[in-house]
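What follows is a short report on a single structure.
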């Protein structure tokens, strides 16, 4: 029996052209942890059947494919994370200077994700970012993205015996009427201990084809998706709190100016933000899981801690005074002459304090522990905007059917 | 099996090392990665194509002394 070290697993991602058309992920991103799971919402069949036991069967409920991915927010990986959550309005720059990607609240891209466990991979497709949390843990920026997806393929079972040279197989439909959704030409399946490379994925959603292969397997035998051999690009450092500046001012432009220099920035001992899409994920007729994943009302918040100097922040909280916040996190130099750097800029055009606490703890300095609600600024016609400078080619973030 | 890196970035392949975009390398049959596509026979993989260059003596014309 084989045993597998989790450290050898991988996360791979790729944007899709269409939310319902998966692709084979090609971008490998270092992963801290993941919790993406299929939840069939099984419940006991509670119909009256003459039993004095709770039930003799389970029934399927509304199926969900959801969970969290946790990564260190290095600028290259962060580009894909932001692409999942927000709308990329454009990219400028070039490979030498770095690429400048602009994101605004809106429909993010649907992605195909792949997570491996040992020799086996789970393909999650039609994935969107529902909530993105950015915070700093031990100086390092950590991105925790809550994912919802339309479907997944990990394992399925044979609907018919296989014997001798065969060129196709059919999956059972116990899990879904379309169990092969998620598979693509070029994927390798493991069936009966034999590997086959897919040459076709039938529109019937349960038949796949491959080159003539001698296979011996029985009805109900499991079929697995083979994991890829991970090939990572150059590892990048995460963005650090120590290299981040936070400006707080009456207007967004003033906050951005304040965040431009250490002398004018506000030293913060803690900073975290949540960017939420509140995705609609209800099933509809024709779909056992979410029919579509659409943004509903968007929201965001910021939490930070800074030294208490006087009750000014308390006054701003009581009188719900507008404050704008800008975070600028700078990374490594990109251009060889040191004139451009990796950089994440998040602008909250209008925030107001939802909570402001000044706790007294024995032996501790007094802090303003604050939670801001990010609001829509009618004057700027914006709530949040994000700019990311990194080395990610724009076509990596653009959906492509080629895999 | 010869495969080419079809991505636009240098990828670190286990047991092989960095493979640049467009570079052809010899990989085991078990290697499975969507960034790498099989290339037709006759294409020279990286190891064989990087032949050691031998230094040749520069050609110079003998100067004629005109007296």
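Residues in region A:152-161: is at least one away from chain B (no Cβ under 14 Å), crowded, with 22+ Cβ neighbours inside 10 Å and not in a strand (DSSP E or B)? Taking every residue of region A:152-161 in turn, none turns out to be away from chain B (no Cβ under 14 Å), crowded, with 22+ Cβ neighbours inside 10 Å and not in a strand (DSSP E or B).
Looking at B:31, B:36, just one residue is modelled with pLDDT of 95 or more, within 11 Å of another protein chain (Cβ to nearest Cβ) and touching a strand residue (DSSP E or B) at 6+ places or on another chain (Cβ under 9 Å), and that residue is B:36. Against the list (1) within 30 Å of residue A:12 (Cβ to Cβ); (2) modelled with pLDDT of 95 or more; (3) surrounded by fewer than 15 Cβ atoms within 10 Å (Cβ to Cβ), the condition residue A:300 fails is (3). Scanning region B:10-29 for residues being within 25 Å of residue A:394 (Cα to Cα) and surrounded by 19 or more Cβ atoms within 10 Å (Cβ to Cβ) gives a total of 4.
The residues of region A:212-240 that are more than 14 Å from chain B (Cβ to nearest Cβ) and under 16 Å from residue A:341 (Cβ atoms), listed by number, are A:237, A:238, A:239, A:240. Of the residues making up region A:101-123, those that are over 11 Å from the mean Cα position of the chain (by Cα) and more than 30 Å from residue A:377 (Cβ to Cβ) are A:114, A:115, A:116, A:117, A:118, A:119, A:120, A:121, A:122, A:123. Across region A:276-290, not a single residue is classified as part of a strand (DSSP E or B), over 30 Å from residue A:38 (Cβ atoms) and modelled with pLDDT of 95 or more.
From the list A:373, A:396, A:342, exactly one residue is more than 14 Å from chain B (Cβ to nearest Cβ), touching a residue at least 40 places away in the same chain (Cβ under 8 Å), farther than 23 Å from residue A:316 by Cβ and within 27 Å of the chain's Cα centre (by Cα). Which is it? Unique residue meeting the criteria: A:342. For region A:355-381, a residue qualifies if it is in contact with a helix residue (DSSP H, G or I) (Cβ under 8 Å, 6 or more places away or on another chain) and surrounded by 15 or more Cβ atoms within 10 Å (Cβ to Cβ), and the qualifying residues are A:356, A:368, A:370, A:377, A:380.
Restricted to strands (runs of 3 or more DSSP E) entirely inside region A:185-251, those with at least 3 residues that are touching a residue at least 60 places away in the same chain (Cβ under 8 Å) and more than 30 Å from residue A:29 (Cα to Cα) are A:244-249.
The values are calculated or read from the model by the stated rules, or taken from the named source; none is laboratory data. Here the structure is a predicted model, which is why all the values come from computation and not from measurement. So basically every Cβ, Gly included, is an ideal-geometry build from the backbone, and we count neighbours across all protein chains shown.
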